[in-house]
1. Pop out the Kirkwood hydrodynamic radius of the stretch 81-200 from its pairwise C-alpha distances, inverse of mean 1/r, in Å to one decimal.
2. Give the accessible surface of the stretch 77-216 per residue, rounded to a whole number of Å², with probe radius 1.4 Å and ligands, DNA and RNA excluded.
3. Just the number, please: carbon plus sulfur as a percent of the accessible area of the stretch 44-181, 1.4 Å probe, no ligands or DNA/RNA counted.
4. Go from 0 up to the bin containing the longest alpha carbon distance in the stretch 65-130, width 10 Å each, and give me the % of pairs per bin.
5. Counting only residues 5 or more places away or on other chains, whose amide H sits under 5 Å from the amide H of Leu182 once H atoms are built in the peptide plane?
6. At 222 nm, what helix-only mean residue ellipticity would the chain give, in deg cm²/dmol to the nearest 500, using -39500 (n - 2.57) for each DSSP H run of four or more?
7. Which of Pro135, Pro183, Pro26 moves most in a GNM of the chain, Cα contacts under 10 Å?
8. When every alpha-carbon pair in the chain is counted, what percent end up more than 29 Å apart?
Amino acid sequence: MRTWRTWAALACACMLAACATRPLAPAALPALDREAQARAEALLAERVRALAQQPDWSLAGRASITRGNDGGSGRIEWRQAGAAFEVTLAAPVTRQGWRLAVDGGGARLEGLEGGPRTGSDGQALLFEATGLEVPVDALGAWLRGVPADEAVHGPARVAFGADLLPARIEQAGWHVDYRAWLPADAGMPALPRRIDAQRGDAGVRLVIDRWGPLEP
């Protein structure tokens, strides 16, 4: 597909063959007793409330995105300001890549051949331009270990690990597994370190190197 040839050109330094690996096994889930399950659900509610008080944030890390036998990887930066966000993915050597910005006025995708593209839906715009299936509208919530807005994305099912942190979120057909967490710090709850999201033959893997406030 031409869209995947476009992506390959942007990610030529990313060793595509290494990125198009088979999906990882689902995260192991312990059998929690009723008391532990209730405690985990209460902690999740506290997490949701705490993160709602800090709607502006940023992260930097590494991402690989696959679809079937194709894929690419690079550095990712995510900047969230309330409901608006901006995500940039760049190849590690060439620094070529794309930037998607979404706010109340719609979505704008920059960095691809043919010039900027605009649309009303960021996820659809990215898919049409690159062939990448990335759940960007829900990913901002999943990145911080909470379900996305159920009024928009449908009901979510959350399973917990032995540490009572979310181990998996199932929502909108996606399975989001949390492989590692960073400890709570400076008034922030624990935040994910490694995330694997899968739906059908589409996958997104993230390793987050830095969480921080939204800087100008």
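1. This gives a value of 15.8 Å.
2. I get 46 Å² per residue for the stretch 77-216.
3. Of the solvent-accessible surface of the stretch 44-181, carbon and sulfur hold 48 percent.
4. Each 10 Å bin holds this share of Cα pairs: 20, 52, 27, 2.
5. Answer set, sorted by chain and number: Leu191, Arg193.
6. Helices in the chain give a 222 nm mean residue ellipticity of -7000 deg cm²/dmol.
7. Sorting by GNM fluctuation, first place goes to Pro183.
8. The answer is 24 percent, as a whole percent.
The values are calculated or read from the model by the stated rules, or taken from the named source; none is laboratory data. This is a predicted model, so every value here is computed, not measured. We place every Cβ from the backbone using ideal geometry, glycine too, and count neighbours over all the protein chains shown. In case anyone asks, the SASA skips ligands and DNA or RNA and just uses the protein heavy atoms, side chains included. Shrake-Rupley method; radii C 1.70, N 1.55, O 1.52, S 1.80 Å.
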